[in-house]
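Working notes for the structure below.
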Amino acid sequence: MEKEETLSRLRWQCRRGLLELDILLGNFLETHYLQLSEKEKILFNDLLQCSDQDLLYWFTNQAVPPAAFKNIITEISFSAQ
């Protein structure tokens, strides 16, 4: 089980400059994060280090994300539907 301090840190990192990203990332964290593999958890954490602008472009299909993030972005997007 994830440590509460890890989840608290991730919750804070999911708070972005754009409400749309706050909702998308925060909801994914609360509903799907604990079921991710360790590799996916690392990718999610790495994804949170990216700029809001990049994230917005990737989630709205205005730009192609780096190959390493494609699966986690698809999973986050699919969870929001």
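Where a number appears in this text, it was derived from the coordinates with a stated rule and is not lab data. Remember, predicted model here, so these are calculated numbers, not experimental data.
Observations
- Sequence-distant aspartates and glutamates (8 or more away, or on other chains) whose Cα lies within less than 18 Å of Lys70: Glu38, Glu40, Asp46, Asp52, Asp54
- Cα-based equivalent ellipsoid, the chain: semi-axes from gyration tensor eigenvalues, Å: 19, 14, 11
- Angle of helix 19-32 to the longest C-alpha principal axis of the chain, folded into 0 to 90 degrees and rounded to 10: 40°.
- The lysines whose alpha-carbon is closer than 21 Å to the alpha-carbon of Lys3, local same-chain residues fewer than 8 away aside, are Lys39, Lys41.
- Rounded to the nearest 500, the 222 nm mean residue ellipticity of the chain from helices alone is -19500 deg cm²/dmol, with -39,500 (n - 2.57) taken per DSSP H run of at least 4 residues.
- Mean-position separation - Cα centroids, segment 4-25 and segment 59-81, in angstrom: 17 Å
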